[in-house]
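Have a look at the structure below before the remarks.
The values are calculated or read from the model by the stated rules, or taken from the named source; none is laboratory data. Only a predicted model underlies this, so the values are computations on that prediction, with no experimental measurement involved. Heads up, the Cβs are rebuilt from the backbone with ideal geometry, glycines too, and the neighbour counts pull from every protein chain shown. Protein only, heavy atoms only, side chains kept; ligands, DNA and RNA dropped before computing areas. Shrake-Rupley method; radii C 1.70, N 1.55, O 1.52, S 1.80 Å.
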Amino acid sequence: MALGLTSGLTAQTFDEIFEDSTLRLDYVFSGNNHEQLISLDEMSFSPGWYGRRENTKRLLLQGNGQLTVTDTLGRDTLYCHSFSTLFQEWQSTEEATRVRRSFENVFLVPMPKGPVNITVTLSDTHRHETSRLTHRVDPGDILIRRMKAWPGTEWRYLKKAGDSRKHIDVAFVAEGYKAEEMEHFLEDCRESMEAILTHEPFRSLANRFNFVAVSAPSEESGVSIPHRGEWRQTVVGSSFDTFYSNRYLTTLRLKRLHDVLATVPYEHIIILANTANYGGGGIYNSYLLSAAHNAMNRPVVVHEFGHSFAGLADEYYYDDQYETIYPADTEPWEPNLTTLVDFPSKWADMIPEGQAVPTQPSSQNVCGEVGVYEGGGYQSQGVFRPSLECRMKINEAPVFCPVCERAIRRMIDYHY
């Protein structure tokens, strides 16, 4: 019988604990506006590990959920990961008061060399744990299936800065491109990659990123737009009108998405949709989707990458949320919003001497002097952002504000 990885006085290296392969964990999150249930669906593996090999035992951001790999005694943390989900966002909608729904979620961890415990937790808007599942994983389990390349899919490097062990691997995935449209997809990938790499700090740290293009053909061209009555058969089933918002473009088929990426070196995902309809979406440590042929694709793909890669929050506000996402008594975990409950943990060190907190708007330049401006996170009152304008607030802002830029830089450093 295999022995589990156990506690010890000597710190173990990554290579002593993990194989150079990926364990994929599929879960189903279900519930309504006040209930959450976490269920393990299935497990699989593929050669190569393309995620973090450093900072494996600490989190930079809390996220709305966490996954932790521990020894079988539950004493030593071996690997941890934070995330957000479309399911938890859905729980804040009016629909969640009327029906129970389930959502697919997929997480990747390095394959352990021995049995481990894996714990998944979800939190509410007050950052209190609301649901937990712990299960044992034995890497020798015969039911952990080996992933195979998705039929008809090809991938190539758009930019290779170096070995995946020391670089951040980002995969572009074709959505709604037929086989004969893949040259257009590659052009769209290059344009989107260029858009990201023209923004600081990505521009200065471009040598830390590898980008690959995954050409996965769809049966039909375009993507589904329900409010127009348009439904398309596409490789990952993306659709506008998420939560009945016309411009919110997402996919619920996360298992299919990761099936398409099997055998590809990746840890972050950018899905490019073959549509000119305006919209997009980004979920922290999950994926982003952007309409590749809309005139606003360049700013949108950068904005959504701020969500999916760096955990940045939206800084705009409409006051149209069914439920408050950022309660007044809780400090947001996102680095670019504050409710002033714990402002010293945010960008207090970046405030100019003598600057008032909160800060009254003035005729500053876009993304100019850092302050504490009321309005953000979809709420005009009680939530504060660091700059008058920023890439995380409006498409017209040419750059990330200094606070967002620092947060992105910290995330890049955290990876390696």
Backbone HN-Hα couplings from phi across region 198-209 [Karplus 6.51/-1.76/1.60, Hz, Gly and Pro as x]
8, 9, 6, x, 4, 4, 5, 10, 4, 6, 9, 10
Karplus (6.51, -1.76, 1.60) ³J(HN,Hα), θ = phi - 60°, over region 270-284, in Hz, Gly and Pro reported as x
10, 9, 9, 9, 7, 8, 9, 5, 6, x, x, x, x, 10, 3
A chain fully extended from E220 to A348 at 0.36 nm per residue, minus the present Cα-Cα distance, gains in nm 41.0 nm
In terms of the charge dipole of the chain, which places +1 on Lys and Arg and -1 on Asp and Glu at the beta carbon, the residue among F29, L86, S215 farthest towards the positive end is S215
Sorted by chain and then number, the residues having a modelled amide H within less than 5 Å of the amide H of E230, at least 5 places away or on another chain, are I225
Carbon and sulfur atoms: what percent of the 1.4 Å accessible area of region 301-416 do they account for?
47 percent
So how do 26-32, 342-348, 124-130 stack up, highest first, on mean other-Cβ count within 10 Å?
26-32, 342-348, 124-130
Percent antiparallel among DSSP beta bridges confined to region 262-416, rounded to 5, stands at 60 percent
Mean residue ellipticity (222 nm) of the chain, computed from DSSP H runs ≥ 4 via -39,500 (n - 2.57), nearest 500:
-4000 deg cm²/dmol
Given Cβ point charges of +1 (Lys, Arg) and -1 (Asp, Glu) and nothing else, what value in debye, to the nearest 20, does the dipole of region 1-148 about its Cα centre take?
60 debye
Descending semi-axes in Å of the chain, equivalent ellipsoid built from Cα gyration tensor:
31, 27, 22
Relative contact order of region 36-158, defined on C-alpha pairs under 8 angstrom at six or more residues apart (%)
30 percent
Cα centroid distance between region 80-116 and region 136-164, in Å?
21 Å
Which net charge results for the neighbourhood of S387, defined as the other residues with beta-carbon distances under 11 angstrom from its beta-carbon, given Lys and Arg at +1 and Asp and Glu at -1?
-1
Could you grab the relative contact order for the chain? Cα pairs under 8 Å, six or more apart, rounded to a whole percent.
15 percent
Expressed in nanometres to one decimal, the distance between label points 7 Å along Cα→Cβ at T134 and D163 is 3.6 nm
Cβ-defined net charge surrounding E230, 11 Å radius [Lys, Arg +1; Asp, Glu -1]:
0
Stretch H34-R247 to full length: gain in nm at 0.36 nm per residue minus the Cα-Cα span?
74.0 nm
Sketch the reach of a paramagnetic label on D329 as a point 7 Å from Cα along Cα-to-Cβ, and name the residues of region 367-384 whose backbone nitrogen lies under 18 Å away.
382-383
Residues of region 231-270 with amide N under 15 Å of a point placed 7 Å along Cα→Cβ from E42:
254-262
Viscosity 1.306 mPa s, temperature 10 °C, Stokes-Einstein D of region 80-132 from Kirkwood C-alpha radius, µm²/s:
118 µm²/s
Whole-Hz ³J(HN,Hα) for each residue in region 252-267, computed from phi via Karplus 6.51 cos²θ - 1.76 cosθ + 1.60 with θ = phi - 60°, x for glycine and proline: what do you get?
9, 9, 5, 5, 5, 4, 6, 4, 4, 8, 4, 6, 9, x, 7, 9
Y416 versus T263, label points 7 Å from Cα toward the beta carbon: distance in nm?
2.5 nm
Normalised by the number of residues in region 47-89, what is the relative contact order in percent for Cα pairs under 8 Å and 6+ residues apart?
38 percent
Using 0.36 nm per residue, how much length does the chain from D141 to V99 gain when fully extended, once their Cα-Cα distance is taken away?
11.5 nm
Each label point is 7 Å from the Cα along the Cα-to-Cβ direction; what then is the distance between the points at R58 and S362, in nm?
3.7 nm
Mind putting a number on the dipole of region 273-334 about its Cα centre? Charges go on the C-beta only, +1 for Lys and Arg and -1 for Asp and Glu, and I need it in Debye to the nearest 20.
520 debye
